[in-house]
């Protein structure tokens, strides 16, 4: 897949313990993105954070949390991101979703040389 140099980044902020129908929510979101043929998805596990309820979630030894922050990032064409938003709405009960325009400098699937970049 070739990404245009102008793309969008969607970030989904949830908790590690968030589930949907008994399964980890972050796994379901990545699987849904893959089914839609999106360019890719990355799940990042945070070491410290807080959200709407202002509870601190941390990975510190003395205060082990079983609900560390999770961020899922997906970059793709704006129309593909827009089409994915209803999927997220159906999966998430709480969390934060952000969307921003990004400039793709390089996206190299299967050893390709370049698919975007600066002029």
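Some points to look at:
- In terms of its C-alpha gyration tensor, the stretch 6-111 comes out prolate, because a/c is 1.5 or above and the ratio a/b outweighs b/c.
- On the beta carbon distance between residue 110 and residue 17, with R0 = 35 Å, the FRET formula returns roughly 0.45.
- Note on residue 44 and residue 6: the model spin-label points, each 7 Å out from Cα along the C-beta direction, lie 2.5 nm apart.
Taken together, the values in this text are just the output of simple stated rules run on the coordinates, not laboratory data. Computed from a predicted model, the values in this text were never measured in an experiment. When we count neighbours, we look across all protein chains shown, and the Cβ atoms used for this are built from the backbone with ideal geometry, even at glycine.
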